[in-house]
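Here is the structure we will look at, set down as structure tokens.
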Amino acid sequence: MMARLKLFIAAVFAVLVFTGAQTGGASAQACPSWNNPTVFGSATLNGGFLPDPYVRNLTAGGRVSLAACTNGQWSGWVVTRPDFRLFYNGRSPTGRLTFALEARSNVDTVLLVNAPDGSWHYNDDYRGFNSAVVFNNPMSGQYDVWTGSYHQSSNNPAQLIITEYNY
């Protein structure tokens, strides 16, 4: 019962956060949604996973404006579907779980993560133009990840790096 309530609250929060103000008769822009299938698949990792880091090749960018979806709170461009989904189980031996996005092209990346509790986390320029989101004492569950670009562009080669160590 409590899990369903948390899921309902997370869904309501997501709708509120990702609903841009609309004027006139324009239809709402599609925004990132965690309940869509992923673009680049998923993985299950347990606390203390090896090899660490886990690396996934993918592309960054999209045609969905995060600024329009968040009333200007965040900048960048993504797709509506999560690029990647991580099912994380157990406890991190370091007390940390980091999602990092490294460009393999000349693109300024942004990273958006929906955590198991339904909270949204965003980063631009963690290290240079590459992005990272760090969770301290990460919870078990589903993490949905969007790999975006600061300026509107698509299909930019990149690597998603997941580590429990310093990044």
Exercise. Restricting attention to region 156-167, which residues are under 10 Å from Phe99 (Cα atoms) and surrounded by fewer than 20 Cβ atoms within 10 Å (Cβ to Cβ)?
Worked result: Ile161, Tyr167
For this session: Would you check if there is a residue in region 122-141 being surrounded by 19 or more Cβ atoms within 10 Å (Cβ to Cβ) and touching a residue at least 60 places away in the same chain (Cβ under 8 Å)?
Result: no
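What number of residues in region 84-98 are within 17 Å of Val39 (Cα to Cα) and touching a residue at least 60 places away in the same chain (Cβ under 8 Å)?
Result for region 84-98: 3.
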Seminar exercise, completed: Scanning region 134-160 residue by residue, those among the polar types (S, T, N, Q) and within 15 Å of the chain's Cα centre (by Cα) turn out to be Gln142, Thr147, Ser149, Gln159
Exercise. For region 120-137, which residues satisfy the criterion of being polar (S, T, N, Q) and closer than 21 Å to Thr44 by Cβ?
Worked result: Asn137
For this session: State whether the residues of region 143-155 include one that is of a type in the set (S, T, N, Q), in contact with a Gly (Cβ under 6 Å, 6 or more places away or on another chain) and either buried (at least 20 other Cβ atoms within 10 Å of the Cβ) or within 16 Å of Ser42 (Cα to Cα) (or both).
Result: yes
Seminar exercise, completed: Pairing a residue in region 65-83 that is at positive phi with any residue that is buried (at least 20 other Cβ atoms within 10 Å of the Cβ) and small (Gly, Ala, Ser), where Cβ atoms lie under 7 Å and the two sit 6 or more apart in sequence or on different chains, gives Gly76/Gly148; Gly76/Ser149
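Every read-out reported here was derived from the displayed coordinates using simple, explicitly stated rules and does not represent laboratory data. Remember, it's a predicted structure, so these values are computed and weren't measured experimentally. Glycine gets a Cβ as well: all are built from the backbone with ideal geometry, and neighbour counts include every protein chain shown.
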